[in-house]
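Asks: Pasting in a structure now, in structure tokens, and then I'll have a few things to ask.
We did not get these values from a lab; they are worked out from the coordinates using the rules stated. Values in this document were obtained by computation on a predicted structure and should not be read as measured data. Cβ: placed from backbone, ideal geometry, glycine included. Neighbour counts: every protein chain shown.
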Amino acid sequence: MKTELLRFNGAVERDPAIDAWMKAHAEELGAIAHHWFEAMRRCGDEVRELLHDGCPVACLGDVPFGYVNVFTSHVNVGFFQGAALPDPAHLLQGTGKFMRHVKLKPETTTDTAALSKLIDTAYSDIKARVENS
């Protein structure tokens, strides 16, 4: 059984609303979010973005694969199909049917190689899903 992909209208190559969001979150947590969203932006030429539910979302065309969000004491780097991603470093949290996230705190060391791999894998995974749908 094939699952319908979530799609968002309005994704663009570079959304000014995200740049404004980044400026509004310029403190330490915002810098973490900005760093990891930039990693999502660099995944490929087809990456598009939009602000959805108040947070930056990275898409392949109109299909979202990742997001960042800032909370009071942490940042989430999330994946729309995260439940299907391999996670040998056990970074992913959550119990939803599809979504998972990595919680980042300034005082905690992050396995940057493993998180970078998750981002790349999320992009590759969504690309395969789009191409095979």
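Asks: Sort Val12, Val68, Val102 so the one with the fewest other Cβ atoms within 10 Å of its own Cβ comes first. List each step's numbers first, then the result.
Replies: Details: Val12 12, Val68 30, Val102 25.
With the fewest neighbours first, Val12, Val68, Val102 line up as Val12, Val102, Val68.
Asks: What lysines sit close enough to Lys127 to cross-link, taking a C-alpha to C-alpha distance under 17 Å and skipping anything fewer than 8 places away on the same chain?
Replies: Partners within reach: Lys2, Lys117.
Asks: Still on this structure, please answer the following. Quick one: if you stick a label point 7 Å off each Cα along the C-beta vector at Ala83 and Ser133, how many nm between them?
Replies: It works out to 1.6 nm between the two label points.
Asks: Separate question: Taking 0.36 nm per residue of separation and subtracting the Cα-Cα distance, what length does fully extending Glu46 through Asp111 add?
Replies: Numbers: separation 65, 0.36 × 65 = 23.40 nm, distance 2.66 nm.
Between Glu46 and Asp111, full extension yields an extra 20.7 nm.
Asks: What residues have an amide H closer than 5 Å to that of His52, excluding those fewer than 5 places away on the same chain, when H is modeled at 1.01 Å from N in the peptide plane?
Replies: Here Val57 satisfy the definition.
Asks: Distance from a point 7 Å along Cα→Cβ of Glu28 to each backbone N in the range 68-90: keep the residues under 11 Å and list them by number.
Replies: 73-74
Asks: Let me ask something else. Contact order normalised by length for the range 16-131, with contacts defined as Cα pairs under 8 Å and 6 or more residues apart; what percent is it?
Replies: Normalised by residue count, the contact order of the range 16-131 is 22 percent.
Asks: Which length gain, in nm to one decimal place, applies between Leu5 and Asp62 when the Cα-Cα distance is subtracted from 0.36 nm times their residue separation?
Replies: Working: separation 57, 0.36 × 57 = 20.52 nm, distance 0.97 nm.
Contour length minus Cα-Cα distance gives 19.6 nm.
Asks: Reachable aspartates and glutamates from Lys23, Cα under 15 Å, same-chain residues fewer than 8 places away excluded?
Replies: Within the straight-line limit of under 15 Å, Lys23 reaches these aspartates and glutamates: Asp15, Glu38.
Asks: Give me the Debye-computed log₁₀ of I(q)/I(0) at q = 0.09 Å⁻¹ for the chain, equal point scatterers on Cα only, no solvent, two decimals.
Replies: Per q value, in the given order, log10 I(q)/I(0) is -0.23.
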